[in-house]
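Asks: My structure is below; once you've seen it, I'll send some questions.
The values are calculated or read from the model by the stated rules, or taken from the named source; none is laboratory data. What you see is a predicted model; the values in this text were computed from it and never measured. Cβ placement follows ideal geometry from the backbone for every residue including glycine, while neighbour counts extend to all protein chains displayed.
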Amino acid sequence: MGDISDITATVLVGGLGTRLRSVVSDRPKVLAQVCGRPFLSHLLDQIAAVGIKKVILCTGYMSEKVEEAFGDKYGEMEICYSVESSPMGTGGAVRLAVDKLVTNNALILNGDSYIDVDIDEYIDWYFAKERLVGLLLRDVEDTSRYGRVDINEDEQVTAFSEKVADSGPGLINAGMYLMNRSVIERIPADEVFSLEKKLFPSLDRSDIYGFSCDAKFIDIGTPRSYAEAESFFGDKDIENDN
């Protein structure tokens, strides 16, 4: 297994959540209740389960509510906060937090989605070849809703494609990344910047790889998908009890 002590988790929780406000208006969407507790707590459970000792929460909209809800500890895991004064994009948020990154590598997650992947296996894969960037990719029947990511036989990412009709089965970005600090430091400081649209497509093929899986996935970005989260986590709890 890779060295967990050399990974800090970084969770992007600063989104405005505008599409969800018809059902969740008094808090940031990561605090939306799912199975009786904040959605973010399900992500923190997943991170803590692999032994990661520190998580940076990249907050923005209603940041004070996130800090009030979670404080500076989650079980044995230390929590610290990197607060955007205005939206910086996924890359800008990660770059802003780099001074709080005390390890050489970061596990970066989108705070409004959850993929039920074996993170231990993902981390082992990342460290096996001393990769600089590893994207978690999910195999789906229809990539037209998401765009697609292509990899070669060596798992190097070869192309990113935008959403197109009739694109068929393939791999999509699942919103979880493993990234070396040296790559994060390439992101321009104090700029609005996207990991997905600017950083990843700019990287050399030898720097960026894809780990594919078919794990269950949920996001809570819309009222419809949020309504599905209760059954998603309820089913997951049943599976874990068996």
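Asks: Do we find that V157 is β-branched (V, I, T), in contact with a Gly (Cβ under 6 Å, 6 or more places away or on another chain) and under 27 Å from T18 (Cβ atoms) in this structure?
Replies: Details: β-branched (V, I, T): yes; in contact with a Gly (Cβ under 6 Å, 6 or more places away or on another chain): yes; under 27 Å from T18 (Cβ atoms): no.
Here the answer is no, as V157 does not meet what is asked.
Asks: Quick one: which helices (runs of 4 or more DSSP H) lie wholly within segment 28-117 and hold at least 1 residues that are within 20 Å of D6 (Cβ to Cβ) and of a type in the set (A, V, I, L, M, F, W, C)? Please lay out each step first, then the result.
Replies: Details: elements: 39-49, 63-70, 89-96.
Helices (runs of 4 or more DSSP H) meeting the threshold: 39-49, 89-96.
Asks: Quick one: would you say S113 is over 19 Å from the mean Cα position of the chain (by Cα) and under 19 Å from L195 (Cβ atoms)?
Replies: On the way: over 19 Å from the mean Cα position of the chain (by Cα): no; under 19 Å from L195 (Cβ atoms): yes.
Answer is no for this residue.
Asks: Testing D124 on (1) more than 22 Å from R181 (Cα to Cα); (2) touching a residue at least 12 places away in the same chain (Cβ under 8 Å), one condition comes back false. Which one is that?
Replies: (1)
Asks: Restrict the check to segment 151-169 and report whether at least one residue is surrounded by 12 or more Cβ atoms within 10 Å (Cβ to Cβ), of a type outside the set (F, W, Y), within 25 Å of P87 (Cβ to Cβ) and modelled with pLDDT of 90 or more.
Replies: no
Asks: Further question on the same structure: Of the residues G92, G36, G2, G14, which single one is at pLDDT 95 or above and not polar (S, T, N, Q)?
Replies: Working: G36 fails: at pLDDT 95 or above; G2 fails: at pLDDT 95 or above; G14 fails: at pLDDT 95 or above.
Sole residue among the options that is at pLDDT 95 or above and not polar (S, T, N, Q): G92.
Asks: Within segment 135-152, identify whether any single residue is free of Cβ contacts under 8 Å to residues at least 60 places away in the same chain, of a type in the set (F, W, Y) and more than 22 Å from E191 (Cα to Cα), and answer yes or no. Walk me through it before giving the result.
Replies: Narrowing segment 135-152 to residues free of Cβ contacts under 8 Å to residues at least 60 places away in the same chain: 140-148, 150, 152.
If we keep only those that are of a type in the set (F, W, Y) as well, we get 146.
Right, trim to more than 22 Å from E191 (Cα to Cα) and you get 146.
Yes, segment 135-152 has at least one match.
Asks: Under 9 Å between Cβ atoms, which residue pairs at least 6 apart in sequence (or on different chains) link something in segment 45-67 that is free of Cβ contacts under 8 Å to residues at least 40 places away in the same chain and surrounded by fewer than 19 Cβ atoms within 10 Å (Cβ to Cβ) with a partner that is of a type outside the set (G, A, S) and not in a strand (DSSP E or B)?
Replies: A48/E76; K65/D26; K65/R27; K65/P28; K65/L31
Asks: Ok, one more. Any residue in segment 70-86 that is surrounded by 13 or more Cβ atoms within 10 Å (Cβ to Cβ), more than 27 Å from P38 (Cα to Cα), modelled with pLDDT of 95 or more and under 20 Å from the mean Cα position of the chain (by Cα)?
Replies: The first filter runs over segment 70-86 and keeps only residues surrounded by 13 or more Cβ atoms within 10 Å (Cβ to Cβ), leaving 70, 74, 77-84.
Filter once more, so that each one left must be more than 27 Å from P38 (Cα to Cα): none.
There is no residue in segment 70-86 that is surrounded by 13 or more Cβ atoms within 10 Å (Cβ to Cβ), more than 27 Å from P38 (Cα to Cα), modelled with pLDDT of 95 or more and under 20 Å from the mean Cα position of the chain (by Cα).
Asks: How many of the residues making up segment 118-166 are hydroxyl-bearing (S, T, Y), touching an Asp or Glu at 6+ places or on another chain (Cβ under 7 Å) and assigned to a loop (DSSP other than H, G, I, E, B)?
Replies: Total meeting the criteria: 1.
Asks: Restricting to segment 193-222, and then to whatever is under 21 Å from M88 (Cα atoms) and free of Cβ contacts under 8 Å to residues at least 24 places away in the same chain, can you tell me which residue is surrounded by the fewest Cβ atoms within 10 Å (Cβ to Cβ)?
Replies: So, considering only residues that are under 21 Å from M88 (Cα atoms) and free of Cβ contacts under 8 Å to residues at least 24 places away in the same chain, the one surrounded by the fewest Cβ atoms within 10 Å (Cβ to Cβ) is S202.
Asks: Oh, and also: In segment 203-215, is there at least one residue being assigned to a loop (DSSP other than H, G, I, E, B), touching a Leu at 6+ places or on another chain (Cβ under 8 Å), at pLDDT 90 or above and aromatic (F, W, Y)?
Replies: no
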